[in-house]
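J.: Quick one: the structure is below, questions incoming.
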Amino acid sequence: MTTLARSNLPLPLLRRGKVREVYEVDRDRLLLVASDRVSAFDVVMAEPIPRKGAVLTQLSAFWFETLGGLGPTHFITADTDRIVAEIPLLAGRRDEMAGRAMLVRRTDPVPFECVIRGYLSGSAWKEYRQSGTLAGETLPPGLRESDSFPVPRFSPATKADSGHDMNVTPGDVALALGTERAAELEARSQAIYRAGRDHAATRGIIIADTKFEFGTDPDGALRLIDEVLTPDSSRFWPADRYQPGRPQPSFDKQPLRDYLQRLADQGHWNMTAPGPTLPAEVIAATSQRYLDAFHLLTGSPLPEFT
């Protein structure tokens, strides 16, 4: 399976994100293609990470199928043969899509990311350390980095095509969308997180936090969309190495972040685009983290897609 820096399929391109291209199939369906691009510190690196796109697509497909009983989703299929059968125009582009394309129902995206935090980490820890709050709401005193919350916290954020998302309160979501829709988003997010967390725990993984996206279909139903419980949207920690009071090792692009942070600390990179050239060992280590996460969560290695 070759790496793919960006796809270029013979379909109308709706948008190109940091990782995915979104194509219009017809008025009711979209095709999502996850490239092997990788971003860190809001900068997209020049070098792709082998098999990353397939991990994101196939792991999301696993979760859509596993957790589908918790409410409607946009997922139709991530099977390349079925996609080609449904869209004959793509018959000659199978290699470009293999393993990394997902056919989905079209929705109107909700303008908030639904973040669920089971543990105090990342931007939440940074804010808490500075002010004792999360999105401006006071948290109990004396918490340590990576401490678990007694009850997972719904911590929504605004969406940003570039730069950082901004944490907001559930009340902000209610003001924008109405209390009923906001309550539905929180309830759905909490239920999906708890089910995913419980499954991951049986595989020796802690899902420290994650973000979900939702969209409304033409009937007004709220559907889970985009990616679900992947290393790009979640923090996965090995349970047997968990120790509160410090950062945790993780099954994601941590080798890449660590390398870039070292360069920044040494004054060799200012954390703005363009990113530095990545050594082969950093690329390989990052790819392996993604593959390990897929294998542990699904119980099977990522298939070879040809």
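J.: Given (1) more than 26 Å from Leu296 (Cβ to Cβ); (2) modelled with pLDDT under 95; (3) among the polar types (S, T, N, Q), identify the lone condition not met by Ser39.
T.: (1)
J.: Here is a follow-up. Out of Ile192, Ile225, report the one residue that is β-branched (Val, Ile, Thr) and in contact with a Leu (Cβ under 6 Å, 6 or more places away or on another chain).
T.: Criteria check complete, one pass: Ile192.
J.: Looking only at region 14-50, count every residue that is charged (D, E, K, R) and touching an Asp or Glu at 6+ places or on another chain (Cβ under 7 Å) and tell me the total.
T.: Going through region 14-50 one residue at a time, the tally reaches 0.
J.: Among the listed residues Asp292, Asp252, Asp219, Asp226, which satisfies the condition of being within 20 Å of Pro111 (Cα to Cα), surrounded by 13 or more Cβ atoms within 10 Å (Cβ to Cβ) and of a type in the set (Asp, Glu)?
T.: Asp226
J.: Within region 277-306, can you find the residues that are closer than 16 Å to His199 by Cβ, touching a residue at least 60 places away in the same chain (Cβ under 8 Å) and not polar (S, T, N, Q)?
T.: Ala293, Phe294, Leu296, Leu297, Gly299
J.: List the helices (runs of 4 or more DSSP H) inside region 1-116, counting only whole elements, that have at least 2 residues being of a type in the set (Asp, Glu).
T.: 80-86, 94-97
J.: Is region 62-76 home to any residue that is surrounded by fewer than 18 Cβ atoms within 10 Å (Cβ to Cβ) and in contact with a Gly (Cβ under 9 Å, 6 or more places away or on another chain)?
T.: Yes, because at least one residue in region 62-76 is surrounded by fewer than 18 Cβ atoms within 10 Å (Cβ to Cβ) and in contact with a Gly (Cβ under 9 Å, 6 or more places away or on another chain).
J.: Also: When you check Gly204 against the structure, is it surrounded by fewer than 17 Cβ atoms within 10 Å (Cβ to Cβ) and either free of Cβ contacts under 8 Å to residues at least 12 places away in the same chain or hydrophobic (A, V, I, L, M, F, W, C) (or both), yes or no?
T.: So Gly204 does not fit the description; no.
The values are calculated or read from the model by the stated rules, or taken from the named source; none is laboratory data. What you see is a predicted model; the values in this text were computed from it and never measured. Glycine gets a Cβ as well: all are built from the backbone with ideal geometry, and neighbour counts include every protein chain shown.
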